[in-house]
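Read the structure below first, then the notes.
No value in this document is a laboratory result; all are computed from the given coordinates. None of these values were measured; they are calculated from a predicted model. Note that we place each Cβ from the backbone using ideal geometry, even for glycine, and neighbour counts take in every protein chain shown.
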């Protein structure tokens, strides 16, 4: 069984590891290297690093829609994709004997797109999962082969849910491939009327709107933590907010975004219908820290009455 793998971010790493341990991975396709930081140093994707560690040839086309000829020279039985990041042309989808399958971090047809884990939390979903489907040219719209679900716990953030789904997705894939080889599958078409979309996170979505409900603000913060991080502006300074908890308090005379109370572990900020307590922050140019540690270095009462995003 010869497999061509296509993926880029950290979520894909467990999937590739599972394939390497169980099958012959003859090539890995990942996004081109990026220049990062002030020095613009070249950074490999984690998928590329893993492939090179296992002496697997790596392909990094800028535009796979037109730059796929080298891949057609490979002898592959199956293509497995996982958060690759580009639309794959039909000639590649139809190339392997067993087709092209994708590991997607949602229960399709819900949350198609590039940010399903973030959006599952941000939209207050109580369950999500992983779907394995046949790839088609339309984004995440292929027939469903198998799926597995998991609860979204109230204290989950993107990091914890990401790691759990990565493990579940790998397990599901390794259970599904033998069934594909044996012809023991019954793909199900997606119901287009039930499709929802999880587009990549925009900068606007990262900024906290304290005029929303407390639960919406809470879900936004944990749905963006630890990456890319929600933020608000205080005294003209960008403040990343990584963790919070919901308060029972409600200050009827406070404005949205106004700091109304200081707690041992956090800063109480008014919302549309209550108060959110911010417990982990990072000021621009500073290190990430617990709010209780930040409060030790200032006079907490000076924060009362200040307004985020004013």
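I need the per residue convex hull volume for the range 203-303, using only the alpha carbons, in cubic angstrom as a whole number.
Working: hull volume 9.6 nm³, N = 101.
Spelled out: Cα convex hull of the range 203-303, divided by residues, is 96 Å³.
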Check your understanding: Mean residue ellipticity at 222 nm from the helices of the chain, using -39,500 (n - 2.57) per DSSP H segment of n ≥ 4 over the full residue count, to the nearest 500 deg cm²/dmol?
Key -> -7000 deg cm²/dmol
Revision key, fill the gap. Given a Förster distance of 45 Å, the FRET efficiency implied by the Cβ-Cβ spacing of residue 41 and residue 174, rounded to the nearest 0.05, works out to 0.80
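What does the convex hull of the Cα atoms come to per residue for the range 78-209, in Å³? Can you show the working numbers first?
Values: hull volume 14.6 nm³, N = 132.
Per residue, the Cα convex hull of the range 78-209 comes to 111 Å³.
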Exercise for review: Work out the FRET efficiency for residue 211 and residue 253 from their Cβ-Cβ distance, taking R0 = 22 Å, and round it to the nearest 0.05.
Suggested key: 0.90
Point to revise | Principal-axis tilt of helix 158-182 within the chain, Cα atoms, nearest 10 degrees | key: 20 degrees
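If you take the square roots of the eigenvalues of the alpha-carbon gyration tensor of the range 36-77 and sort them as a ≥ b ≥ c, do you get rounded (a/c under 1.5), prolate (a/b over b/c) or oblate? Each step should come with its number before you reach the end.
Values: a/c = 4.02, a/b = 1.55, b/c = 2.59.
Here the range 36-77 falls in the oblate category.
Multiply the residue separation of residue 273 and residue 17 by 0.36 nm, subtract the distance between their alpha-carbon atoms, and state the gained length in nm to one decimal. Kindly include the intermediate steps, with their values, before the conclusion.
Numbers: separation 256, 0.36 × 256 = 92.16 nm, distance 4.60 nm.
My answer for the length gained is 87.6 nm.
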Exercise for review: Describe numerically, in nm with one decimal, the distance between label points set 7 Å from Cα along Cα→Cβ at residue 62 and at residue 246.
Suggested key: 4.9 nm
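So what's the range 244-304 giving for Cα Rg divided by 2.2 N^0.38 Å, two decimals? Numbers along the way, then the final one.
Details: Rg = 11.5 Å, N = 61, 2.2 N^0.38 = 10.5 Å.
Taking the Cα Rg and dividing by 2.2 N^0.38 Å, one obtains 1.10.
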Check your understanding: Which distance in Å, rounded to a whole number, links the C-alpha centroids of the range 141-218 and the range 223-297?
Key -> 28 Å
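What does DSSP give for the range 45-199 in terms of the percent of beta bridges that are antiparallel, rounded to the nearest 5? Mind showing how you got there, number by number?
Working: 12 of 16 bridges.
If I count the DSSP bridges inside the range 45-199, around 75 percent turn out antiparallel.
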Practice item. Would you list the P(r) distribution for the range 1-152, with all Cα-Cα distances sorted into 10 Å bins from 0 and each bin expressed as a whole %? Key: 11, 39, 35, 13, 1
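Sort the following peptides by mean Cβ neighbour count (other Cβ atoms within 10 Å, averaged over residues), highest first: 38-44, 151-157.
Numbers: 38-44: 9.6, 151-157: 15.1.
Result, highest mean Cβ count within 10 Å first: 151-157, 38-44.
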Review point. So, how do all the Cα-to-Cα distances of the range 80-154 break down into 5 Å bins, in percent, from 0 on up?
Key: 3, 16, 28, 22, 15, 9, 4, 2, 0
Practice item. Just subtract the alpha-carbon distance of residue 283 and residue 24 from 0.36 nm times their residue separation and send over the number in nm, one decimal. Key: 88.5 nm
Check your understanding: Given the chain, what percent of its DSSP beta bridges are antiparallel, to the nearest 5?
Key -> 70 percent
Review point. Suppose R0 equals 22 Å; then what is the FRET efficiency for residue 91 and residue 181 from their Cβ-Cβ distance, rounded to the nearest 0.05?
Key: 0.45
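Could you work out how much longer the chain between residue 194 and residue 127 gets when fully extended? Use 0.36 nm per residue separation minus the Cα distance between them, nm to one decimal. Don't jump to the answer; show the numbers that get you there.
Values: separation 67, 0.36 × 67 = 24.12 nm, distance 1.58 nm.
Stretched fully, the residue 194-residue 127 segment lengthens by 22.5 nm.
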